[in-house]
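Visitor: Before I ask anything, here is the structure I am working with.
The values are calculated or read from the model by the stated rules, or taken from the named source; none is laboratory data. Predicted model only: the values in this text are computed from it and were never measured. Using ideal geometry, Cβ is built from the backbone for each residue, glycine included, and neighbour counts are taken over all protein chains shown. The protein model used for the area step is the full one, side chains on, heavy atoms only, and it has no ligands, DNA or RNA in it. Shrake-Rupley method; radii C 1.70, N 1.55, O 1.52, S 1.80 Å.
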Amino acid sequence: FFSFCFCFSFHLRMEDVGEKKIETETEVHVESSSSSHEQDESIMAAPEHPEGAHTVAEPAPEVPEYFVAFDIGNLNTIVSVSKYSKDPRLPSPFIIHKPSGGIDIASVVGFGDEERCFSDEASSLMVFKPANCIYDLMMLLGKKIDEIPAQTMASFRFKPTTIAAPGVDGLSLTGVDLQHTESTSFLSDELKDFRLPIEALVASFLKYLLRLVQDDKLFWQDQPAQAITKCVFVIPSYFDDNQKAALVNAAQIAGLTTLHLTHSTTAAALYYCYGNQLMKPTLKDDIKEGHDNLKKAKAMIVIDSGHRHTTVEALLLNNGFVKVLARLSTLNVGGHQFNQILFDDIRASAQQSHKIDPASTPKSASRLYSAVERSKKVLSTIADTFVEISLDDKDIRIPLSRAKFESLIEPSLADLSSILQQLLEQVLLIDPEFVSSRSLKVEIIGGNCRVPVVQSRIQSSLNVAELFKNLDGSTSACTGAILAGRILSPLHLDHRIVPAEVHDLSPADTFEFVQQEDRCKPLLLPASVVQFYSDLENRFAQNDETIRLRKELRNKIEQRIYFLMDELNVASSSAGLIS
């Protein structure tokens, strides 16, 4: 009976399968025949419309295109991403987070034993292999060796050098001579003398940042990550055409198209307008009215004091109109300059009091620099502290006071006062009522502005009672760059509604810079050189991916082994077999 039931049910199941197969073949046949006679059927079954009536095809939905903004500093980098659409009324730009948490991505590229590393991993590698970790990328980008100050060259733990561009006679680039590591063993014989130009190192860092954008699930949410090929850069005000071209070259090696370059202070001012609803979507007539009625404009000075430089900028803001009156910068005021002054003083004190050199080797110099930087940050809250150094199993503590620190950096503070006075003189020549008839607002950004003596010097030089910190010192420039990309992009030029208009006496925008090939031809790299370093970057990326997968497999095997060992111990203990 059970055998009969089984055979009968199997017979019915086979009949169902056969019927479904016939139905599928029939559907395929009907679909193919309908496609072959599509034109005839459309003529025969055409709907009748009244005279003069016509059908309008529905427009295809706009596919949002994304672009990314990079604020690459000499110390940290901020990355922001946004949709690139014709509609200016878009949500706020999104700040990318690194895997370990936080938004400050260390601007360091390192070459370890097996693979390259970036950001925090490269910063940790600097303690053990400082010669294979490259930092201060923006200081070296687009400069010749003889253009770099001697004091800056002496502060590097790696070795900058001049290298010849492959396949192009007479073209030399500034690069880095790295020590041989296992991560470069896959290179061919012609690259045995391993050197990389700064443009290629910046390109590899850009590729790493793009991977962070692709892996940020909080931004993409449920939708799949899209490839990003367009970018905007925040640049220092001291960048010349050579440095701008070098940045564009690095983007090309990374497979990116540069849409726009903007100064950090101008981008921060745009972010201020956006946050205070001064950059809401307005008509061009309203912006023209804002341009004509500059007497009602708000006067603002933005001061950006970062790791290597300080920039000051004076602007007028009114009804979606932004006018830059003057901009100055100095390389003598920055967090690194303050650290280096303290570094030299503490080193001399240790040599005099303890008869040892705490910076005799690259490793010890890197540790001393980190200790000095920590002590400088502590002095922002307390008046006295110590610089603690560990060398040759000896713990050294050198006292440091805030008064001594301020006396040491007085020459740098004098330079800061000088550029602020020059800024006011230039602005008053253009607009004599800049200070008198308007309430001047001074916004400070940048990590170096946290130093109390820097803030007091700014107040005394500009004769203002209060400094405002409404702008986020980390994200304001990068977010403003996204806004600049929306405003100044070609997609908005044919639209009547624009969020703002920027007038700059010395703009950093490179639309003309990129498009005028005749003027830029001596500055931009040949296509063969870009392709060579692009292929080299892909080989590095493949090697990094292989090593990463190997490490993941190794970790999984180790976890499985530990799990089996735990089970074995539990089984042994329950059986009483442990000796």
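Visitor: Can you report the number of residues in the stretch 132-157 which are open to solvent by 10 Å² or more (accessible area, probe 1.4 Å) and within 25 Å of I78 (Cα to Cα)?
Guide: Total satisfying the criteria: 8.
Visitor: Which of (1) within 30 Å of E313 (Cα to Cα); (2) more than 13 Å from the chain's Cα centre (by Cα); (3) not in a helix (DSSP H, G or I) does P224 not meet, given it meets every other one?
Guide: (1)
Visitor: Which of the residues belonging to the stretch 390-431 are within 33 Å of the chain's Cα centre (by Cα) and β-branched (V, I, T)?
Guide: If the condition is that a residue be within 33 Å of the chain's Cα centre (by Cα) and β-branched (V, I, T), then I409, I419, V427 are the ones that fit.
Visitor: Checking A246 against (1) over 17 Å from the mean Cα position of the chain (by Cα); (2) buried (at least 24 other Cβ atoms within 10 Å of the Cβ), which test does it fail?
Guide: The single condition A246 does not satisfy is (1).
Visitor: Out of everything in the stretch 138-155 that is assigned to a helix (DSSP H, G or I) and modelled with pLDDT of 85 or more, what residue ends up being nearest to Q340 (Cα to Cα)?
Guide: M139
Visitor: Continuing with the same structure: Would you point out which residue out of V63, V68 is modelled with pLDDT of 85 or more and either surrounded by 17 or more Cβ atoms within 10 Å (Cβ to Cβ) or not in a helix (DSSP H, G or I) (or both)?
Guide: One residue alone meets the criteria, V68.
Visitor: Please identify the pairs in which a residue from the stretch 454-466 that is of a type in the set (K, R) has its Cβ atom under 8 Å from the Cβ atom of a residue that is open to solvent by less than 60 Å² (accessible area, probe 1.4 Å) and in a helix (DSSP H, G or I), counting only partners at least 6 apart or on another chain.
Guide: R457/L413; R457/L416; R457/S417
Visitor: Does L553 satisfy the condition of being surrounded by 10 or more Cβ atoms within 10 Å (Cβ to Cβ), among the aliphatic types (A, V, I, L, M) and modelled with pLDDT of 85 or more?
Guide: yes
Visitor: Scan the stretch 312-320 and give yes if some residue there is at pLDDT below 85, more than 15 Å from E433 (Cα to Cα), of a type outside the set (D, E) and touching an Asp or Glu at 6+ places or on another chain (Cβ under 8 Å), otherwise no.
Guide: yes
Visitor: State all residues of the stretch 473-512 that are touching a Gly at 6+ places or on another chain (Cβ under 9 Å), at pLDDT 60 or above and part of a loop (DSSP other than H, G, I, E, B); if no residue qualifies, say none.
Guide: Passing the criteria: G473, S474.
The rows are residues; the columns are (1) out of contact with any strand residue (DSSP E or B) (no Cβ under 9 Å at 6 or more places or on another chain); (2) assigned to a loop (DSSP other than H, G, I, E, B); (3) modelled with pLDDT under 85.
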{"residue": "D120", "(1), (2), (3)": "no, no, no"}
{"residue": "S123", "(1), (2), (3)": "no, no, no"}
{"residue": "R157", "(1), (2), (3)": "no, yes, yes"}
{"residue": "P166", "(1), (2), (3)": "yes, yes, yes"}
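Visitor: I'd like the residue in the stretch 168-186 that is closer than 22 Å to A254 by Cα and crowded, with 16+ Cβ neighbours inside 10 Å and, out of all such residues, is modelled with the lowest pLDDT.
Guide: Filtering the stretch 168-186 for residues closer than 22 Å to A254 by Cα gives 168, 171-178, 183-184, 186.
From what is left, the residues that are crowded, with 16+ Cβ neighbours inside 10 Å are 173-176, 178, 183-184.
Working: L173: 86, T174: 86, G175: 85, V176: 84, L178: 70, S183: 56, T184: 59.
Looking at residues that are closer than 22 Å to A254 by Cα and crowded, with 16+ Cβ neighbours inside 10 Å, I get S183.
Visitor: Kindly evaluate I396 against the criterion of being hydrophobic (A, V, I, L, M, F, W, C), touching a Pro at 6+ places or on another chain (Cβ under 8 Å) and either open to solvent by less than 50 Å² (accessible area, probe 1.4 Å) or not in a loop (DSSP other than H, G, I, E, B) (or both). Walk me through how you get there before you give the answer.
Guide: Working: hydrophobic (A, V, I, L, M, F, W, C): yes; touching a Pro at 6+ places or on another chain (Cβ under 8 Å): yes; either open to solvent by less than 50 Å² (accessible area, probe 1.4 Å) or not in a loop (DSSP other than H, G, I, E, B) (or both): yes.
Taking the combined requirement at face value, the residue satisfies it.
Visitor: Determine which member of the set L428, L416, L424 is open to solvent by 50 Å² or more (accessible area, probe 1.4 Å) and in a helix (DSSP H, G or I).
Guide: Step by step, each of L428, L416, L424 is checked, and only L428 is open to solvent by 50 Å² or more (accessible area, probe 1.4 Å) and in a helix (DSSP H, G or I).
Visitor: How many residues, within the stretch 352-390, are part of a loop (DSSP other than H, G, I, E, B) and closer than 23 Å to S123 by Cβ? Spell out how you get there, then give the answer.
Guide: Initial filter on the stretch 352-390 (part of a loop (DSSP other than H, G, I, E, B)): 354-361, 379-383.
Next, only the ones that are closer than 23 Å to S123 by Cβ stay: 358-361, 379-380.
Residues meeting the conditions: 6.
Visitor: Of the conditions (1) closer than 30 Å to C273 by Cα; (2) at pLDDT 90 or above; (3) more than 29 Å from the chain's Cα centre (by Cα), D345 satisfies every one except a single condition; which number is it?
Guide: With (1) closer than 30 Å to C273 by Cα; (2) at pLDDT 90 or above; (3) more than 29 Å from the chain's Cα centre (by Cα) applied to D345, the lone miss is (1).
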